[in-house]
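**Q** Before I ask anything, here is the structure I am working with.
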Amino acid sequence: MTTKMSSESPIITIDVLKANDLLHTSNYRYLDVRTEEEFKKGHVDFKDVLNIPNMFNTPEGRVKNPNFLEQVMQACTKDDHLIVGCQSGVRSVYATVDLLGVGFKHVYNMGGGYLAWVQNELPVTVVTGVW
């Protein structure tokens, strides 16, 4: 499924089964754009998972992380192959738009997000202990 969000590069959305396949058979990295709290409660079980929130929860609601692109560019190059996921597939679309907008070339949005990953009984990791 391809969603066109602008006149720029089209957003390519893949399902969780395709994402799982790419993560295990290609050189893709998984970028989880949920909050740190969400990430700790459970995330995609993969050796190369990045957690860089695209939005933060505040008393006024969710606000965009003003340093999102800078933080991603510190951890990745624009030629890296990324699968972007969130809780349900909405925030990851916005993050994918942002990444494509600054020149990332190989970015897929994971449709359905972490919820679909869990529903399909794919492997997850839960962070325990004190940080």
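The values are calculated or read from the model by the stated rules, or taken from the named source; none is laboratory data. This structure is a prediction, so every number in the text was calculated from the model and none was measured. We place every Cβ from the backbone using ideal geometry, glycine too, and count neighbours over all the protein chains shown. Surface areas here come from the heavy atoms of the whole protein model, side chains and all, with no ligands, DNA or RNA. Shrake-Rupley method; radii C 1.70, N 1.55, O 1.52, S 1.80 Å.
**Q** What is the one condition in (1) in contact with an Asp or Glu (Cβ under 7 Å, 6 or more places away or on another chain); (2) not in a helix (DSSP H, G or I) that Val107 does not satisfy?
**A** (1)
**Q** Condition first: out of contact with any strand residue (DSSP E or B) (no Cβ under 8 Å at 6 or more places or on another chain) and in a strand (DSSP E or B). Can you find one or more residues in the stretch 65-73 that meet it?
**A** no
**Q** Next question. As an exercise: evaluate Ser88 against (1) closer than 20 Å to Lys18 by Cα; (2) touching a helix residue (DSSP H, G or I) at 6+ places or on another chain (Cβ under 7 Å); (3) in contact (Cβ under 8 Å) with a residue 40 or more places away in the chain and give the number of the one condition it does not meet.
**A** If we test Ser88 against (1) closer than 20 Å to Lys18 by Cα; (2) touching a helix residue (DSSP H, G or I) at 6+ places or on another chain (Cβ under 7 Å); (3) in contact (Cβ under 8 Å) with a residue 40 or more places away in the chain, just (3) comes out false.
**Q** Then there's this: So is Phe56 farther than 15 Å from Thr13 by Cβ, buried (at least 17 other Cβ atoms within 10 Å of the Cβ) and not charged (D, E, K, R) or not?
**A** no
**Q** Counting just the residues of the stretch 81-121 that are open to solvent by less than 20 Å² (accessible area, probe 1.4 Å) and among the polar types (S, T, N, Q), which one comes out nearest to Ile12 (Cα to Cα)?
**A** Among them, the one singled out is Asn109.
**Q** Another question about this same structure. I want to confirm something. Restricting to the stretch 33-49 and keeping residues that are surrounded by 18 or more Cβ atoms within 10 Å (Cβ to Cβ) and within 12 Å of the chain's Cα centre (by Cα), which single residue is nearest to Asp21 (Cα to Cα)?
**A** Val44
**Q** From the list Ala95, Ala116, which residue is part of a helix (DSSP H, G or I) and under 18 Å from Met55 (Cβ atoms)?
**A** Every option except Ala95 fails the conditions.
**Q** Conditions first: (1) open to solvent by 50 Å² or more (accessible area, probe 1.4 Å); (2) at pLDDT 95 or above. Val130 passes all but one, so which condition is the exception?
**A** Among (1) open to solvent by 50 Å² or more (accessible area, probe 1.4 Å); (2) at pLDDT 95 or above, the lone unmet condition for Val130 is (2).
**Q** Being of a type in the set (S, T, N, Q) and touching a residue at least 40 places away in the same chain (Cβ under 8 Å) is the filter here, so list the residues in the stretch 27-69 that pass it.
**A** Answer for the stretch 27-69, where residues must be of a type in the set (S, T, N, Q) and touching a residue at least 40 places away in the same chain (Cβ under 8 Å): Asn27, Asn54.
**Q** Still on this model: Please determine, by comparing only the residues of the stretch 46-59 that are modelled with pLDDT of 95 or more and not aliphatic (A, V, I, L, M), which one is farthest from Thr96 (Cα to Cα).
**A** Looking at the filtered set, the residue picked out is Asn51.
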